[in-house]
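The values are calculated or read from the model by the stated rules, or taken from the named source; none is laboratory data. Everything quoted here is computed from the prediction, not taken from an experiment. Glycine gets a Cβ as well: all are built from the backbone with ideal geometry, and neighbour counts include every protein chain shown.
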Amino acid sequence: MTSPTPGIGRAGRLSWRAQLALALLLDYTGDEAFALNHYQEFKTEVLRRDDP
């Protein structure tokens, strides 16, 4: 089975944080290219915070 969205298929090999970052960015922006190009930075800057 192929992914209906090219490029997103590789999400199966990502950590849960990377998958979450990619999903959030894609949902928020609706721009797959933007999400794929920025999810690592988003993951590092937002999802790895230790703030309560």
Next item on the list: Could you list, in sequence order, all residues of segment 14-43 that are touching a Phe, Trp or Tyr at 6+ places or on another chain (Cβ under 6 Å) and aromatic (F, W, Y)?
Entry: none
Next item on the list: Could you give me the residue pairs with C-beta distances under 8 Å whose first residue belongs to segment 12-23 and is touching a residue at least 12 places away in the same chain (Cβ under 8 Å) and farther than 14 Å from N37 by Cβ, whose second residue is assigned to a helix (DSSP H, G or I) and charged (D, E, K, R) wherever it lies, and which are 6+ apart or on separate chains?
Entry: R17/K43; L20/K43
Note to self: Go through segment 5-52 and report how many residues are among the aliphatic types (A, V, I, L, M) and modelled with pLDDT of 90 or more.
What the structure shows: 11
